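The values are calculated or read from the model by the stated rules, or taken from the named source; none is laboratory data. Remember, it's a predicted structure, so these values are computed and weren't measured experimentally. Every residue, glycine as well, gets a Cβ built from its backbone with ideal geometry; the counts of neighbours run over all protein chains shown. For accessibility, only protein heavy atoms count, side chains too; no ligands or nucleic acids. Shrake-Rupley method; radii C 1.70, N 1.55, O 1.52, S 1.80 Å.
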Amino acid sequence: MKLIICMDDTDNLESKGTGWLVEDACREMTAMGWGRYSQISRHQLFVHPDIPYTSHNSSMVFTADTDVPGEKYVEFLSAYLQRHSAPGSDPGLCVASEPLNGTREALISFGLRAKREVLTKAEAYALARELGVHLSEHGGTGGGVIGALAGIGLRLWGNDGRFRGWFHLGRDGEVVTADRILAFESVEAIRTPDGATVQDDAPIAISDQLKTICMDGRSTLLVHPAGGDGVFRVLAKQELKRY
């Protein structure tokens with residue numbers, strides 16, 4: 001069974017971020033033998049004066065390949081959020097089984113709307129009830145349920161968000177071939193920003209820190225097309241902020 005899980009708004013300005021909390025929860029569940037967990041993706045939502053958020057208004061999502069029922073995940077993660085969410089935060093949790101087409105489309109639509117509209121808790125709860133998706137709040141105003149449901153939809157869409165963490169494969173400016181990068185388990189594809197694929201033997205000038213984005217549902221390293229010297233170059237940190 002595959003579950004998709006999202007947490008949102010668990011932090012305050014002094015605490016560790018939601019990504020750290022999600023990562024720690026995954027470590028605990030791994031230690032319990034509950035299953036295998038994907039990379040965590042960060043999804044940027046609408047920034048607007050009517051939307052309260054800590055720093056960036058983003059939600060964190062991961063998937064679980066597991067034989068443990070979804071209800072057990074809800075029970076464990078609800079208690080985890082109650083124990084570890086920061087004072088003043090408004091945590092939300094969403095847990096969904098990998099959905100069928102109609103449910104999938106509705107979740108994606110909600111996620112895309114959350115990137116450009118001010119949505120309400122009532123809308124989020126109504127859709128979750130209609131689709132049979134678990135959605136719950138765990139403190140404060142509970143406003144994090146909006147981002148939690150939206151994050152599920154954006155992860156399902158597969159063309160939004162950056163994966164948590166930076167990877168170190170060599171020195172800044174070092175040139176390596178694409179197949180060497182693809183041998184690293186956290187990089188599933190290498191493409192240019194317009195989606196063009198890169199040949200396995202293509203030379204790529206890397207940075208000392210690499211980050212992947214979600215493109216077509218895969219953990220993808222983005223590179224600029226080869227210049228006059230025939231070498232591709234990874235996008236800079238600032239350029240990745242738009243994903």
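Side notes on the structure shown:
- 3J(HN,Hα) along the range 175-180, derived from phi through the Karplus expression 6.51 cos²θ - 1.76 cosθ + 1.60 where θ = phi - 60°, amounts to 9, 10, 7, 4, 5, 5 Hz, with x in place of Gly and Pro.
- Translational D in µm²/s for the chain (Stokes-Einstein at 10 °C, 1.306 mPa s, Kirkwood Rh from C-alpha pairs): 85 µm²/s
- Cross-link partners for Lys237 among the lysines, with Cα-Cα distance under 28 Å and sequence neighbours closer than 8 places in the same chain left out: Lys16, Lys115, Lys211.
- Principal-axis tilt of helix 101-113 within the chain, Cα atoms, nearest 10 degrees: 80 degrees
- Expressed as a whole percent, the accessible surface of the chain that belongs to carbon and sulfur atoms is 50, based on a 1.4 Å probe.
- Helix 70-84 axis versus longest C-alpha principal axis of the chain: approximately 90°, rounded to the nearest ten.
- Per residue accessible area in Å² of the chain, where ligands, DNA and RNA are left out and the probe is 1.4 Å: 48 Å²
- Computed from the C-beta positions of Arg180 and Lys237, the FRET efficiency with R₀ = 22 Å rounds to 0.55.
- Listed residues Glu188, Glu75, Glu130 arranged by accessible area, highest first, probe 1.4 Å: Glu130, Glu75, Glu188
- Based on C-alpha pairs under 8 angstrom that are at least 6 apart in sequence, the chain has a relative contact order of 20 percent.
- Highest GNM mean-square fluctuation among Gly92, Gly102, Gly153, for the chain modelled with Cα contacts below 10 Å: Gly102.
- Looking at the range 131-243 alone, DSSP beta bridges between its own residues are antiparallel in about 70 percent of cases.
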